[in-house]
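Engineer: Handing you this structure, nothing more for now.
The values are calculated or read from the model by the stated rules, or taken from the named source; none is laboratory data. Remember, it's a predicted structure, so these values are computed and weren't measured experimentally. Cβ: placed from backbone, ideal geometry, glycine included. Neighbour counts: every protein chain shown.
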Amino acid sequence: MSEQLDVIMTGEAVAIEARPASVMTRAVSTLIDFGFYVLVLLLLAAIFSDQLRFNEAQAGTFAVLTISFIILVIPTTIETATRGRSLGKFVMGTRVVRDDGGPISFRHALTRWASAYIEIALSFGTIALTAASLNKRSKRLGDMMAGTYVARIGGTEEVDLPIVCPPELEAWAANADMRALPDRVSLYARKYLARTGSLTPATRQELGLQLAAEVEQFVAPRPPAGTHPERFLAAVLATRRDREYAVALDQLASDDAELAALAALPHGVQDARN
């Protein structure tokens with residue numbers, strides 16, 4: 001599947017389009033984050049300066065703990081609590097997501113930042129920049145270990161218009177055998193139909209043909225010759241939706257009838273309440 005159709009799931013389970021953030025975007029976001037963390041710690045140190053009087057050994061221990069707090073504890077805690085966001089990522093319109101597009105957990109955040117001391121602090125960011133520059137999703141080493149990447153999410157559209165079956169395909173769709181589509185294929189198809197107007201003609205045609213070829217594997221017989229890929233996708237998605245809704249209504253009616261039968265008294269037994 002083309003990377004142009006990457007999607008991610010937010011913490012509210014809303015599917016939105018995603019693009020891997022560029023190396024420069026990631027660098028600016030990181031500078032904002034660590035600049036803010038350092039500023040807060042300096043302010044705290046200034047406020048409690050009278051209580052912070054250490055000998056040489058204690059000062060060294062405090063320095064190590066402070067660096068660990070900035071490099072590991074704070075970023076891990078913030079990304080876990082916000083499902084991949086931070087101040088810098090909010091400003092730059094990005095979010096950390098799993099490779100499969102899902103929200104990250106504590107394990108992913110911890111793994112991402114476990115290598116930060118080496119690839120960001122000790123190397124002054126050169127290792128992270130080099131790794132990200134060589135990766136198609138701008139991943140640094142921590143992302144590679146965690147199975148995550150940073151995606152751009154600012155300005156995406158989260159509302160999909162209703163999909164209807166094209167009139168010329170209604171007869172074919174009514175008699176076609178349509179198996180359940182894999183979740184990601186179905187999601188890609190819906191997102192594609194929702195944003196066709198924003199795609200270039202070449203990209204629109206290429207992605208439409210790719211998706212139609214994937215969906216066609218789950219449909220028999222094939223649509224009439226000459227059917228436009230977008231019309232075919234709309235027919236399949238709309239028909240699958242309507243059929244699933246009809247099955248759900250039938251199941252609900254069956255459950256109601258069964259409950260009514262169970263509640264009824266056996267024949268010939270008088271209700272004691274009367």
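Engineer: If you scan the range 160-199, which residues turn out to be modelled with pLDDT under 85 and among the β-branched types (Val, Ile, Thr)?
Structural biologist: If the condition is that a residue be modelled with pLDDT under 85 and among the β-branched types (Val, Ile, Thr), then THR196 is the only one that fits.
Engineer: What pairs come out if I take residues in the range 236-257 that are of a type in the set (Ser, Thr, Tyr) and pair them with residues that are in a helix (DSSP H, G or I) whose C-beta lies under 8 Å away, six or more apart or interchain?
Structural biologist: Pairs that qualify, where the first residue is of a type in the set (Ser, Thr, Tyr) and the partner is in a helix (DSSP H, G or I), are THR239/ALA173; THR239/ALA174.
Engineer: Residues of the range 43-60 being surrounded by fewer than 11 Cβ atoms within 10 Å (Cβ to Cβ), under 29 Å from GLU119 (Cβ atoms) and modelled with pLDDT under 80, which ones?
Structural biologist: First, pick out the residues of the range 43-60 that are surrounded by fewer than 11 Cβ atoms within 10 Å (Cβ to Cβ): 43, 46-51, 53, 55-57.
Checking which are under 29 Å from GLU119 (Cβ atoms) leaves us with 43, 57.
Once the filter is applied, which keeps residues that are surrounded by fewer than 11 Cβ atoms within 10 Å (Cβ to Cβ), under 29 Å from GLU119 (Cβ atoms) and modelled with pLDDT under 80, the range 43-60 yields only ALA57.
Engineer: Within the group GLY268, GLY226, which residue is at pLDDT 90 or above and outside the structural domain of ASP100 (by TED's automatic domain parsing)? Show your work before the answer.
Structural biologist: Values: GLY268 fails: at pLDDT 90 or above.
Going through GLY268, GLY226 in turn, the sole match is GLY226.
Engineer: Counting residues that are closer than 20 Å to GLY102 by Cβ and assigned by TED's automatic domain parsing to the domain that holds GLU230, which helices (runs of 4 or more DSSP H) fully inside the range 160-216 reach at least 2? So that I can check it myself, show each step before the final result.
Structural biologist: On the way: elements: 170-175, 183-194, 201-216.
Correct list: 183-194.
For (1) in the same structural domain as ILE32 (by TED's automatic domain parsing); (2) touching a residue at least 24 places away in the same chain (Cβ under 8 Å); (3) surrounded by fewer than 17 Cβ atoms within 10 Å (Cβ to Cβ); (4) in contact with a strand residue (DSSP E or B) (Cβ under 9 Å, 6 or more places away or on another chain), each residue gets a yes or a no:
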{"residue": "GLU79", "(1), (2), (3), (4)": "yes, yes, no, yes"}
{"residue": "ARG83", "(1), (2), (3), (4)": "yes, yes, no, yes"}
{"residue": "LEU87", "(1), (2), (3), (4)": "yes, yes, yes, no"}
{"residue": "SER123", "(1), (2), (3), (4)": "yes, no, yes, no"}
{"residue": "THR130", "(1), (2), (3), (4)": "yes, no, yes, no"}
{"residue": "LEU134", "(1), (2), (3), (4)": "yes, no, yes, no"}
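Engineer: Looking at VAL28, is it of a type outside the set (Gly, Ala, Ser) and at pLDDT below 90?
Structural biologist: Answer is no for this residue.
Engineer: State whether one or more residues within the range 191-213 are under 24 Å from ASN175 (Cα atoms), surrounded by fewer than 17 Cβ atoms within 10 Å (Cβ to Cβ) and either in contact with a strand residue (DSSP E or B) (Cβ under 8 Å, 6 or more places away or on another chain) or of a type in the set (Lys, Arg) (or both).
Structural biologist: The answer is no; no qualifying residue exists.
Engineer: Of all residues in the range 89-104 being in contact with a helix residue (DSSP H, G or I) (Cβ under 7 Å, 6 or more places away or on another chain) and either polar (S, T, N, Q) or in contact (Cβ under 8 Å) with a residue 60 or more places away in the chain (or both), which is nearest to MET24 (Cα to Cα)?
Structural biologist: MET92
Engineer: Which pairs turn up if I take residues in the range 198-226 that are farther than 14 Å from PRO182 by Cβ and in contact (Cβ under 8 Å) with a residue 40 or more places away in the chain and look for partners that are part of a helix (DSSP H, G or I) and among the aliphatic types (A, V, I, L, M) with beta carbon separation below 7 Å, at least 6 apart in sequence or on another chain?
Structural biologist: From the range 198-226, the pairs are LEU207/LEU5; PRO223/LEU169.
Engineer: (1) farther than 21 Å from GLU244 by Cβ; (2) touching a helix residue (DSSP H, G or I) at 6+ places or on another chain (Cβ under 7 Å); (3) in a helix (DSSP H, G or I): which one isn't true of ARG222, the others all being true?
Structural biologist: Checking ARG222 against (1) farther than 21 Å from GLU244 by Cβ; (2) touching a helix residue (DSSP H, G or I) at 6+ places or on another chain (Cβ under 7 Å); (3) in a helix (DSSP H, G or I), the one that fails is (3).
Engineer: Here's a follow-up. Considering each of ALA114, ALA109 in turn, give the residue that is surrounded by 15 or more Cβ atoms within 10 Å (Cβ to Cβ), of a type in the set (A, V, I, L, M) and farther than 20 Å from PRO20 by Cα.
Structural biologist: ALA114
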